[in-house]
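No lab work stands behind these numbers, since they all come straight from the coordinates. Please read these numbers as outputs of a predicted model, since none were measured by experiment. Here Cβ is always computed from backbone atoms with ideal geometry, including for glycine, and neighbour counts include all displayed protein chains.
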Amino acid sequence: MENTSIKKSFAPIINKNSQILILGSLPSDKSIALSEYYGNKTNQFWNIISLIFENKKIEFKNYNEKIDFLNKHHIALWDTYCSANRKGSLDSDIKNGEFNNVKKLLNKYPNVRKILVNGRKSELAFQKYIKTVNLDCNYKYIPSSSSANTNLSLLEKVEYWRKAIFE
């Protein structure tokens with residue numbers, strides 16, 4: 001039986017040219033082990049992003065190529081939670097979450113004009129966060145890129161994400 005443990009997010013991937021911030025909830029155990037955002041090969045994030053911008057799935061050689069791709073398209077990544085108790089990797093198992101300081105990040109990177117929250121858990125957490133810090137910002141929900149989200153096909157997710165990114 002697996003114990004509940006404290007899981008922590010990574011530093012944000014962001015630079016002065018970033019225009020869109022995508023917020024997940026908290027890295028999966030596989031992502032934590034690899035020290036990579038969306039490191040679990042079953043997560044559809046990298047396929048979604050590459051299909052949106054290149055109209056094909058890209059076989060990235062390494063994590064640096066993925067980061068370069070995000071930078072090229074002015075995409076920043078972070079998580080709503082900086083830490084939480086969680087058994088395994090499911091968002092539904094997140095307990096006692098502490099929020100990342102998104103307000104401070106947005107103040108430091110004023111070119112971010114859009115926030116997209118990846119999945120319902122991230123959306124609900126972000127809604128709580130903005131109330132606690134009195135942050136007035138627009139954000140949009142996008143369906144979770146997790147393979148556990150079986151309500152939509154990959155191509156349906158791509159269309160939701162594409163609309164959110166480009167509208």
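Looking at segment 73-89, which of its residues are within 21 Å of Ile20 (Cβ to Cβ) and either in contact with a helix residue (DSSP H, G or I) (Cβ under 8 Å, 6 or more places away or on another chain) or free of Cβ contacts under 8 Å to residues at least 60 places away in the same chain (or both)?
Kept after step one, since they are within 21 Å of Ile20 (Cβ to Cβ), are these residues of segment 73-89: 73-82.
Once the filter is applied, which keeps residues that are within 21 Å of Ile20 (Cβ to Cβ) and either in contact with a helix residue (DSSP H, G or I) (Cβ under 8 Å, 6 or more places away or on another chain) or free of Cβ contacts under 8 Å to residues at least 60 places away in the same chain (or both), segment 73-89 yields His73, His74, Ile75, Ala76, Leu77, Trp78, Asp79, Thr80, Tyr81.
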Here are the criteria: (1) part of a loop (DSSP other than H, G, I, E, B); (2) over 14 Å from the mean Cα position of the chain (by Cα). Tell me which single one Ser146 does not satisfy.
(2)
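Do we find that Lys61 is over 26 Å from Lys114 (Cα atoms) and in contact with a Pro (Cβ under 8 Å, 6 or more places away or on another chain) in this structure? Write out each step before concluding.
Working: over 26 Å from Lys114 (Cα atoms): yes; in contact with a Pro (Cβ under 8 Å, 6 or more places away or on another chain): no.
Here the answer is no, as Lys61 does not meet what is asked.
For segment 131-143, which positions are outside any loop (DSSP other than H, G, I, E, B), touching a strand residue (DSSP E or B) at 6+ places or on another chain (Cβ under 8 Å) and more than 16 Å from Gln44 (Cβ to Cβ)?
Thr132, Tyr139, Lys140, Tyr141
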Hits in segment 90-142 - residues which are on the phi > 0 side of the Ramachandran plot and either without any contact (Cβ under 8 Å) to a residue 40 or more places away in the chain or touching a His at 6+ places or on another chain (Cβ under 8 Å) (or both):
Asn96, Asn134
Of all strands (runs of 3 or more DSSP E) completely enclosed by segment 1-113, which ones contain at least 2 residues that are more than 17 Å from the chain's Cα centre (by Cα), under 24 Å from Ile165 (Cβ atoms) and among the hydrophobic types (A, V, I, L, M, F, W, C)?
none
Within segment 78-99, residues being more than 12 Å from Ser25 (Cβ to Cβ) and surrounded by 22 or more Cβ atoms within 10 Å (Cβ to Cβ) number 0
Scan segment 143-167 for residues that are touching a residue at least 60 places away in the same chain (Cβ under 8 Å) and either closer than 18 Å to Asn101 by Cα or in contact with a Pro (Cβ under 9 Å, 6 or more places away or on another chain) (or both) and report the count.
2
